[in-house]
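The values are calculated or read from the model by the stated rules, or taken from the named source; none is laboratory data. Bear in mind that the values here come from a model prediction, so they are computed numbers and not experimental data. Methodologically, a virtual Cβ is constructed for each residue, glycine included, from the backbone with ideal geometry; neighbour enumeration extends over all protein chains shown.
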Amino acid sequence: MSDHVYFFDTTLRDGEQSPGATMNLQEKLRLAHQLEVLGVDVMEAGFPASSQGDFESVQTIARHARNIQVAGLARCVDSDIDRCWEAVREAASPRIHTFLSTSPLHMKFKLRKEPDQVLAMAVAGVKRCAGYTPNVEFSAEDASRSEKDFLCRVVEAVINAGASVINLPDTVGYAQPDEFAALVKYVIENTPNSDKAIFSVHCHNDLGLGVANTLAALRVGARQVEVTLSGIGERAGNAALEEVAMALKVREGYYNLTHSIRTEQLYPSCRLLSMTIGQPIAMNKAIVGANAFAHESGIHQDGMLKNRETYEIMTPQSVGRAQTDLVLGKHSGRNAVKTKLESMGYTLDDQQLNLIFDAVKSLADKKKSVQDDDLVALVLEEIYRLPDRFRLRNVSVQSSDGSGVPPTAAILMDVDGMECSAAGFGVGPVDAVFNVIAQLVGREPELQQYLVHAVTGGTDAQGEVTVRLRDKGINAIGRGTHPDVIVASARAYVNALNRLAKAERDGERSHCQHGD
């Protein structure tokens, strides 16, 4: 048995199913590139049959990815499998990942089929996949609640049908580490042809055991882990890529397993995801949280001063939290900005570089130095935004001075290419800004969430604002950054409105394409 662990990242598929984590095509392409930089072995780019938009994003990613396997998800249904292959076929190394439920509960109530029918469906589906590519993965959905012997029958049959990877998911996060390891071990040892496939696990975090179950499975023979950045995903999420990778690295002598993850790219990858979907990384998040390498206790600080290893089992540098000597400021040149961006995994063309360089200069006039997180924020703000139907030009706010006049906002913006302006009031400056923008675009969305946090430390830090809007049954998240929190709020609100407008256009296009 090989001692190498393959990392299968499903941030773009299962991760995007996390509420509020929807990404546009540009954002998915950027994240897909970062997954290559990170050293991920297989990237699940989406579920092509689920929508025309998902099909197009998977197909585009497959065409661009060169040093990573690209997988698409498909039910054990001919139409899904055909659609999936059409989406991934142009990848340098395409994979079809097909799945079917095997637990008594799912077979009875979800599929409404007998076990023998399910077995036949699984075999037929895998054979159809294998007709397209030898790189076929089969997932026994809800494996952790399946009967062991039936699971072995299904696994043996689909391996014979052409599956080269077998995934045993803990779909609902129900399993405990010892029992999950026992299940994986039982299937491997009691499936006659198990040596002809790589066994994989996909563990959800409903009981907070996603990573623990994943690591337990590796101890008994699983050699592929299905994970997401920061553990995002359905419900409570998935096993976190960064936690599994660092557990294997820090406890290498315990697991005796290798992997290809470039751990110094863990923090940049999770930070990129955070800023893309507008969901801040929790302060106490393992590996990549702001407090992961912070020490406040006097006893801990004393120990750290004497020997770092007294209270740190890994270095900040090992996960990409290293500080560099290259500090960007208003006197920095274009080449310094380019070098810094390339060291962070960003390759921009000349036009994009000029745009970021000007933004760096502008920001450096407002704060002493431009830090790594500031630079990431600028790239996401200036390069990887949606094409704007609504574009903010200027924000002016007059706060209440105690005279009884409510806060006032004056907004100048483009709406469908036409310059518009208006002024209005609110109970506070942010409320005033949102009211005027809503008036200019002719919408009254419901504000469901408003979050503010600093991109970096210091009183001159950029504010990063995330808003969640709902209008006509559609949800959208917007993000904006700026040294002025009011301006950042306006940018986030307009960004969310653009996403709402795009979602409506996509819905109308899909409606026309399906003729219903």
Residue among R95, R30, R75, R89 that is of a type in the set (K, R), farther than 23 Å from E243 by Cα and out of contact with any strand residue (DSSP E or B) (no Cβ under 9 Å at 6 or more places or on another chain): R89
Suppose the filter is loosely packed, with under 14 Cβ neighbours inside 10 Å and modelled with pLDDT of 90 or more; does G442 pass it? yes
Being assigned by TED's automatic domain parsing to the domain that holds Q34, at pLDDT 95 or above and either within 27 Å of the chain's Cα centre (by Cα) or surrounded by 13 or more Cβ atoms within 10 Å (Cβ to Cβ) (or both): is that true of Y255 here? yes
Answer residue from the stretch 463-484, given it is over 23 Å from the mean Cα position of the chain (by Cα) and touching a residue at least 12 places away in the same chain (Cβ under 8 Å) and is surrounded by the most Cβ atoms within 10 Å (Cβ to Cβ) among those: H482
One residue from V436, V455, V441, V395 being touching a strand residue (DSSP E or B) at 6+ places or on another chain (Cβ under 7 Å) and farther than 17 Å from V487 by Cα: V441
Hits in the stretch 1-39 - residues which are on the phi > 0 side of the Ramachandran plot and under 13 Å from the mean Cα position of the chain (by Cα): G20
Which ranges mark the helices (runs of 4 or more DSSP H) fully within the stretch 297-404 that have 1 or more residues being at pLDDT 85 or above and of a type in the set (D, E, K, R)? 334-343, 350-364
Is the stretch 276-294 home to any residue that is at pLDDT 90 or above and in the same structural domain as G46 (by TED's automatic domain parsing)? no
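Residue-by-condition table, conditions (1) of a type in the set (D, E); (2) buried (at least 24 other Cβ atoms within 10 Å of the Cβ):
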| position | (1), (2) |
| --- | --- |
| A130 | no, no |
| S139 | no, yes |
| D149 | yes, no |
| R153 | no, no |
| A157 | no, no |
| G162 | no, no |
| I166 | no, yes |
| D170 | yes, yes |
| A175 | no, yes |
Does V136 satisfy the condition of being at pLDDT 95 or above, under 24 Å from S194 (Cβ atoms) and in the same structural domain as E44 (by TED's automatic domain parsing)? yes
Cross-chain or 6+ apart pairs with Cβ under 8 Å, the stretch 348-365 first and without any contact (Cβ under 8 Å) to a residue 24 or more places away in the chain, then of a type in the set (V, I, T): L353/V337; F357/V337
Which residues, counting only those in the stretch 198-208, are surrounded by fewer than 22 Cβ atoms within 10 Å (Cβ to Cβ) and over 23 Å from the mean Cα position of the chain (by Cα)? I198
Could you tell me whether the stretch 429-449 includes any residue that is part of a strand (DSSP E or B) and β-branched (V, I, T)? no
Residue in the stretch 212-220 that is over 13 Å from L248 (Cβ atoms), touching a residue at least 40 places away in the same chain (Cβ under 8 Å) and buried (at least 23 other Cβ atoms within 10 Å of the Cβ) present: yes
Give the number of residues within the stretch 63-90 that are part of a helix (DSSP H, G or I) and buried (at least 24 other Cβ atoms within 10 Å of the Cβ). 4
Looking for something more than 25 Å from A140 (Cβ to Cβ), assigned to a helix (DSSP H, G or I) and assigned by TED's automatic domain parsing to the domain that holds R262 - is there at least one such residue anywhere in the stretch 44-53? yes
I want to confirm something. Restricting to the stretch 94-109 and keeping residues that are aliphatic (A, V, I, L, M) and farther than 12 Å from Y132 by Cβ, which single residue is surrounded by the most Cβ atoms within 10 Å (Cβ to Cβ)? L100
Among the residues of the stretch 260-277, which ones are more than 16 Å from the chain's Cα centre (by Cα) and hydroxyl-bearing (S, T, Y)? S260, T263
With the structure loaded, tell me whether F390 is among the aromatic types (F, W, Y) and within 19 Å of V485 (Cβ to Cβ) or whether it fails that test. no
Are any of the residues in the stretch 458-465 among the hydroxyl-bearing types (S, T, Y), under 24 Å from I277 (Cα atoms) and either at pLDDT below 95 or not in a strand (DSSP E or B) (or both)? no
